[in-house]
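Trainee: The following block contains the structure, expressed as structure tokens.
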Amino acid sequence: MTTNEVSVPAGHDTLPSPWRSRRFRLFFTARSTSLLADGMLMVSLTTAVLGAGYGASGVGYALAAWMAPIALLVLFGGVLADRFTPQVMMVGADLVRMVAMLALAALLVGTEVRLWQVMALMALSGAATAMFQPGLASLVPQVAQDIQRANALLRISEAMSALIGPGLAGLLVAYWDVAGSFLVIAAAYALSALGLAPLRGLSTRRDDSDEPMWRRLATGWHEFRSRSWLWGVIAVWAVFGLFVFGPALPLGAALITEQHGASGYGWIASADGAGTIVGGLLGMRVRPRRPLVAGACAMFFFALNPLAPALGWSFVATAATGVLAGCGFAFWGVMWATSVQSHIPLAVLSRVSAYDVAGSIMVIPLGRALAGPAAEAVGADRVLLLSSAMAVVCLVVMLCVPAIRGLGRTPKDAVVAEEVRPAVSETGRA
């Protein structure tokens, strides 16, 4: 990337810091507590299912029960967020997740825990998450004028929660009780709802039209497919999820643990989290003219993530690649979120965001499911070498798409002109 690719647009210095907005502070607090709860959930759930005697397969079933509703219902979550406003859907989702966690805590206090009960409550929590997630993108432009800095701060919060959440859950399980950890998770979701509740009355108004659900979905799909930079990134990201994100976590964790021990893996995972924080900080300061180009270039560092364990690099080298991979991934995340929120009309942003989420995550479980058999057939190191190569190929393909390469910070800055759709009216029709 040449030096003239990075600049601060005129008037940037006049943009107020997101912290000066009470609405952003409330949103940031709510999002941070929700992320902390998500970070605690996996450790608490794994401990509960294993403690009940259902083994690793039981953990897999419980996680699948949580993830399946997210994949199946997230598109409807986007429609409902545009229909009833994101704030209403997110507060309701937090309250449902709070109730599910309280029920799990009560269940674990009892004498016998049945797996189907855990799966049912996790499915309820997953369905609520599907209602929660699409509205995130729509709220950011309404609570902060400096969208990029707001996204960077949220990315840093996500990294901190990923570091703190599992450790906090582990401490609660070890020194209190697994049911107690679910009580704390429920309290975190309740705090999230309390933080979001005062945000009613934002500029996005509920869509009171009588259009059926399928028509609203079709409107979101039209907005999604009409932007080649948008569906182009998601198409590449689906391949990335299948060949890179899917195998990299389970196989990478197994090889790193084998090479450097469990404590070594913990430190390397922490290095990745530290890199994510650095990437978020960079996202606050670096403002490229073509954000997707800059983000994709940063993501090349992520190709080192599966490469290090595949080649058996030293502990120091593997930890260093973790920092670089985390930094690149976080910086890409800031660039991507800011681009979507800057170029999509607010009235359909939740629906478009839902297609983004669905396209990005749906193939990752398949990649993880295929990782084990592939590793048994050809070896985990070879699978991870393929993952690293595919990461490079996918990013090169992304950079070769003119619409992606030419997307500017705002629609008027785009190098490759695309038709700028008119804002959608309150009825949901262009």
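Each reported figure results from applying straightforward, stated rules to the coordinates on display, with no laboratory input. Source: prediction; values computed, not measured. Here the Cβ positions follow ideal geometry from the backbone for every residue, glycine too, while neighbour counts run over all protein chains shown.
Trainee: Remind me, relative contact order of the stretch 62-208 in percent, using alpha carbon pairs under 8 angstrom and six or more residues apart?
Mentor: Once divided by the residue count of the stretch 62-208, the mean separation gives 42 percent.
Trainee: What number, in percent, do you get for the relative contact order of the stretch 213-430 if the mean sequence gap of Cα pairs under 8 Å and at least 6 apart is divided by its residue count? Working shown, then result.
Mentor: Values: 324 pairs, mean separation 77.5, N = 218.
Dividing the mean separation by the residue count of the stretch 213-430 yields 36 percent.
Trainee: For Leu168, Leu251, Leu72, which order do you get if you count the other beta carbons within 10 Å of each Cβ and list the fewest first?
Mentor: Numbers: Leu168 20, Leu251 24, Leu72 14.
Final ranking by Cβ density, sparse to dense: Leu72, Leu168, Leu251.
Trainee: Output needed for the stretch 213-430: three equivalent-ellipsoid semi-axes, defined as square roots of 5 times the C-alpha gyration tensor eigenvalues, in descending order, whole Å.
Mentor: 34, 19, 14
Trainee: List the relative contact order of the chain as a percent without decimals, with contacts defined as Cα pairs under 8 Å and 6+ residues apart.
Mentor: Result for the chain is 24 percent.
Trainee: What's the Kirkwood radius of the chain in Å, using all Cα pairs? The partial results should precede the final answer.
Mentor: Details: mean 1/r = 0.0448 Å⁻¹.
With all distinct Cα pairs of the chain included, I get 22.3 Å.
Trainee: Just the projected area, averaged over all directions, of the convex hull on the alpha carbon atoms of the stretch 166-314: how many nm²?
Mentor: So the Cα hull casts an average projection of 14.4 nm².
Trainee: Of the listed peptides 143-151, 368-376, what is their order by residue-averaged count of other C-beta atoms within 10 Å, with the highest listed first?
Mentor: Highest mean packing first, the order is 143-151, 368-376.
Trainee: Can you name the helices of the chain, as whole DSSP H runs, whose Cα span along the helix axis is 27 Å or more and whose Kyte-Doolittle mean is not below 1.0?
Mentor: Length and hydropathy pass: 55-84, 86-109, 178-196, 315-343, 380-400.
Trainee: So for His260, His222, fewest C-beta neighbours within 10 Å to most, what's the order?
Mentor: Neighbour counts put them in this order, fewest first: His222, His260.
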